[in-house]
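Peer 1: A single structure is presented below for examination.
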């Protein structure tokens, strides 16, 4: 596939070495790891190795703390529902307004089921108020679920500190870390984080495999009941090839960690500065000082994001947008709205997310193309006049 | 990624009549910035003939909003105002070889901009009767407002009934939860609670099955003399929930008017039973098959 792929927070390409590691597990090594013969035994050993590779990446104390699942969403649901079932006396959940739908949609359903869910607000840079958080923590809190880094802006949350506060209140702490794992160093054994979700396809492993980290000693109830796989904590025959692939990808992410935080970050910064220097009325959303090294989310005022994406796509550039129109809903991204970004800008947000496969030439190409596209769409916009916003505000009906 | 038609893409990448029209004498501004769509339509009307000589647009919006605006200007140029006002949003969508259901509101916005621009030219006040809710059923493009109003107007209480009236929920089933939420809300207004298990089969009159069948027999009996006058007859074969299987016999079988006759009988049955039923003509021998299929 030709083109410039700057949408790595959506999904990543599977590394060739990962594919290579996986291939034998479709053919020669097809055994069921539960079987009592050497077909199964070898596969069981491969899964054990993958478990240790993931343990290493997460800085987990024991390999038994790693539970393989089918995706990040399954890990999130397992974690939150487990905490509620294991502590029936506690009926409240604390999360943030900017979580991924994997958590937010589940929480909306929990509210219908009679649980109380508290949503922490965020400020203009996407940060939570720790005082508000402390006030909400009570002996009713079953679980706190806060993302490690936001998928749209890359902004970090102080999950290590928040986990300590949760523990002090006797509550469990879960973090959806699908965007952070592999991009920033994580050392779970030194934290009070009880549960963490990760997704394989965000770190160059295939889609359809994820992990739930479950700290030893944490009370747990499985989501899927059945066989004894994953020590009965996640029944269902293991997705062996993908698990092996995820192990390989985890090992490679460890090796590439420094590169992600130096070279990928440098390219991201160059892209961002290059675009902002050439496009007026554009700004970075989220917290530029504390975010993922690969993510850059820019709001282009007075134009709409889907239109930007369609034109970028024409140039072979892949990115994503928080506009209403890309999702089919009538509202722009809940993350942008939560940060108080005005509608005229929220609809025009574009997320560029890089990976270690991107090159300097690609960054230069995008910097060259974006200003043209923005100018072309602003020429069509009723809010824009020549070089800036219209002096007499355009005020359509039912605004 | 949206499945846009080639025509939509073409009108997005090369929009016709984009920009401002300096000597416009009618301007319509519509849209909602919160929804991410806003459109200014400018028209130049010849006062002598009431013909639209030129039209331009400026649009804040997605690919299909820009394409719909472009299509709109192409459609109305050269039309008289009265002709132009007859343009519907479906005409705009058709011009573009269709729009995805989630994007139909872009064509609605085009039609409204046109009404607003014409009203502005004529010096009239224009107010939109626009009420668009969240899209619930994506298969048949039915929004929340439509569902809510239909539930109210017809006293509906089950998802199945909503599907029968609006088509919403009749496709992939993913919106059944959404329809239930609306039912809960509207039923609460009339002091009822939503019963997810409530089967539409339950006769509202509270009749037992036997009573229902007797009633159906009675209705058919009252119609029979008319059928016999024409040399035909009708036979009740089975009642399965809301479906009533009958056999048309004698001169009625295969009669060109059969469908019309059955429609009349169905209407009469609904009035008598006070519930919605469906009458299905079946051959007498096919009965066991028809009623035993799971």
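Peer 1: Using the structure shown, decide if residue A:226 is without any contact (Cβ under 8 Å) to a residue 24 or more places away in the chain and more than 19 Å from residue A:77 (Cβ to Cβ). Don't jump to the end; show me each part of the working.
Peer 2: Details: without any contact (Cβ under 8 Å) to a residue 24 or more places away in the chain: yes; more than 19 Å from residue A:77 (Cβ to Cβ): no.
Judged against the criteria, residue A:226 is not a match.
Peer 1: In segment A:301-315, is there at least one residue being more than 14 Å from every other protein chain (Cβ to nearest Cβ) and in contact with a helix residue (DSSP H, G or I) (Cβ under 7 Å, 6 or more places away or on another chain)?
Peer 2: No: zero hits.
Peer 1: Those residues that are within 35 Å of the chain's Cα centre (by Cα) and either surrounded by 13 or more Cβ atoms within 10 Å (Cβ to Cβ) or modelled with pLDDT of 85 or more (or both), I need them from segment B:242-256; list them, please.
Peer 2: B:242, B:243, B:244, B:245, B:246, B:247, B:248, B:252, B:253, B:255, listed by residue number.
Peer 1: Can you name the number of the only condition in (1) under 14 Å from residue A:204 (Cα atoms); (2) assigned to a loop (DSSP other than H, G, I, E, B) that residue A:221 fails?
Peer 2: The one condition residue A:221 does not meet is (1).
Peer 1: Within the group A:129, A:139, A:176, which residue is within 19 Å of residue A:286 (Cα to Cα), surrounded by fewer than 20 Cβ atoms within 10 Å (Cβ to Cβ) and at pLDDT 95 or above? Full working, then the answer.
Peer 2: Numbers: A:139 fails: within 19 Å of residue A:286 (Cα to Cα); A:176 fails: surrounded by fewer than 20 Cβ atoms within 10 Å (Cβ to Cβ).
Going through A:129, A:139, A:176 in turn, the sole match is A:129.
Peer 1: Same structure again: Output the number of the condition that residue A:344 fails; it satisfies all remaining conditions of (1) touching a helix residue (DSSP H, G or I) at 6+ places or on another chain (Cβ under 9 Å); (2) free of Cβ contacts under 8 Å to residues at least 60 places away in the same chain; (3) under 25 Å from residue A:123 (Cβ atoms).
Peer 2: Condition (1) is where residue A:344 drops out.
Peer 1: Another question about this same structure. With the structure loaded, tell me whether residue A:174 is in a helix (DSSP H, G or I) and either more than 16 Å from residue A:98 (Cα to Cα) or touching a residue at least 60 places away in the same chain (Cβ under 8 Å) (or both) or whether it fails that test. Break it down into steps so the answer makes sense when it comes.
Peer 2: Values: in a helix (DSSP H, G or I): no; either more than 16 Å from residue A:98 (Cα to Cα) or touching a residue at least 60 places away in the same chain (Cβ under 8 Å) (or both): yes.
So residue A:174 fails the test.
Peer 1: Looking at B:45, B:30, can you tell me which residue is within 14 Å of chain A (Cβ to nearest Cβ) and in contact (Cβ under 8 Å) with a residue 40 or more places away in the chain? Outline the logic, then answer.
Peer 2: Working: B:45 fails: within 14 Å of chain A (Cβ to nearest Cβ).
So the residue among B:45, B:30 that is within 14 Å of chain A (Cβ to nearest Cβ) and in contact (Cβ under 8 Å) with a residue 40 or more places away in the chain is B:30.
Peer 1: Still on this structure, please answer the following. Limited to segment B:69-106, what total is found for residues that are at pLDDT below 95 and within 14 Å of chain A (Cβ to nearest Cβ)?
Peer 2: The total comes to 8.
Peer 1: Could you tell me which of the residues A:235, A:241 is outside the structural domain of residue A:360 (by TED's automatic domain parsing), free of Cβ contacts under 8 Å to residues at least 24 places away in the same chain and touching a helix residue (DSSP H, G or I) at 6+ places or on another chain (Cβ under 6 Å)? Quick ask: steps written out before the conclusion?
Peer 2: Working: A:241 fails: free of Cβ contacts under 8 Å to residues at least 24 places away in the same chain.
After ruling out the rest, the residue left standing is A:235.
Peer 1: Would you check which residues across segment B:15-27 are touching a helix residue (DSSP H, G or I) at 6+ places or on another chain (Cβ under 8 Å) and either more than 8 Å from chain A (Cβ to nearest Cβ) or at negative phi (or both) and list them?
Peer 2: Residues of segment B:15-27 that are touching a helix residue (DSSP H, G or I) at 6+ places or on another chain (Cβ under 8 Å), as a first pass: B:15-19, B:25-27.
Matches in segment B:15-27: B:15, B:16, B:17, B:18, B:25, B:26, B:27.
Peer 1: Hey, can you tell me all the residues within segment B:120-171 that are away from chain A (no Cβ under 14 Å), more than 30 Å from residue B:41 (Cα to Cα) and assigned to a loop (DSSP other than H, G, I, E, B)?
Peer 2: B:155, B:156, B:157, B:158, B:167, B:168, B:169, B:170, B:171, listed by residue number.
Peer 1: Out of A:350, A:363, which single residue is in a helix (DSSP H, G or I), modelled with pLDDT of 95 or more and in contact with a helix residue (DSSP H, G or I) (Cβ under 7 Å, 6 or more places away or on another chain)? Walk me through it before giving the result.
Peer 2: On the way: A:350 fails: in a helix (DSSP H, G or I).
Going through A:350, A:363 in turn, the sole match is A:363.
Peer 1: Next question, about the same structure. Residue by residue through segment A:333-344, note down the ones that are over 27 Å from residue A:3 (Cβ atoms) and part of a helix (DSSP H, G or I). Walk me through how you get there before you give the answer.
Peer 2: Of the residues in segment A:333-344, the ones over 27 Å from residue A:3 (Cβ atoms) are A:334, A:337-344.
Selection gives A:334, A:337, A:338, A:343, A:344.
Peer 1: Tell me which residues, restricted to segment A:56-78, are part of a loop (DSSP other than H, G, I, E, B) and under 23 Å from the mean Cα position of the chain (by Cα).
Peer 2: Within segment A:56-78, the subset part of a loop (DSSP other than H, G, I, E, B) is A:59-62, A:70-71.
Result: A:59, A:60, A:70, A:71.
Peer 1: Moving on to the next point. Quick one: would you say residue A:230 is at positive phi, modelled with pLDDT of 95 or more and surrounded by fewer than 23 Cβ atoms within 10 Å (Cβ to Cβ)? Spell out how you get there, then give the answer.
Peer 2: Values: at positive phi: yes; modelled with pLDDT of 95 or more: yes; surrounded by fewer than 23 Cβ atoms within 10 Å (Cβ to Cβ): yes.
Yes, satisfied.
Peer 1: A follow-up question, please. Filter segment B:266-281 down to the residues that are surrounded by 15 or more Cβ atoms within 10 Å (Cβ to Cβ) and touching a strand residue (DSSP E or B) at 6+ places or on another chain (Cβ under 6 Å) and list them by number.
Peer 2: Within segment B:266-281, B:266, B:277, B:279, B:280, B:281 meet the criteria.
Peer 1: Then there's this: Given the residues B:183, B:227, B:220, which is the only one that is crowded, with 16+ Cβ neighbours inside 10 Å, out of contact with any strand residue (DSSP E or B) (no Cβ under 7 Å at 6 or more places or on another chain) and not assigned by TED's automatic domain parsing to the domain that holds residue B:105?
Peer 2: Details: B:227 fails: out of contact with any strand residue (DSSP E or B) (no Cβ under 7 Å at 6 or more places or on another chain); B:220 fails: out of contact with any strand residue (DSSP E or B) (no Cβ under 7 Å at 6 or more places or on another chain).
From the options B:183, B:227, B:220, the qualifying one is B:183.
Peer 1: Right, here's the next one. Here is a list: B:119, B:113. Which entry is touching a helix residue (DSSP H, G or I) at 6+ places or on another chain (Cβ under 9 Å) and in contact (Cβ under 8 Å) with a residue 24 or more places away in the chain? Write out each step before concluding.
Peer 2: Working: B:119 fails: touching a helix residue (DSSP H, G or I) at 6+ places or on another chain (Cβ under 9 Å).
When all the criteria are applied, what remains is B:113.
Peer 1: In segment A:253-265, which residue that is touching a residue at least 60 places away in the same chain (Cβ under 8 Å) and under 19 Å from the mean Cα position of the chain (by Cα) is surrounded by the fewest Cβ atoms within 10 Å (Cβ to Cβ)? It would help to see each step written out before you state the result.
Peer 2: If we filter segment A:253-265 for residues that are touching a residue at least 60 places away in the same chain (Cβ under 8 Å), which is where we start, we get A:253-254, A:256-257, A:259-261, A:263-264.
Next, from what is left, pick out any that are under 19 Å from the mean Cα position of the chain (by Cα): A:253-254, A:256-257, A:260-261, A:264.
Details: A:253: 23, A:254: 14, A:256: 20, A:257: 17, A:260: 20, A:261: 16, A:264: 21.
The qualifying residue surrounded by the fewest Cβ atoms within 10 Å (Cβ to Cβ) is A:254.
Peer 1: Test each condition in (1) part of a helix (DSSP H, G or I); (2) within 22 Å of residue A:150 (Cβ to Cβ); (3) away from every other protein chain (no Cβ under 14 Å) for residue A:369 and report the one that comes out false.
Peer 2: (2)
The values are calculated or read from the model by the stated rules, or taken from the named source; none is laboratory data. Just so you know, these numbers come straight off a predicted model, no measurement behind them. Methodologically, a virtual Cβ is constructed for each residue, glycine included, from the backbone with ideal geometry; neighbour enumeration extends over all protein chains shown.
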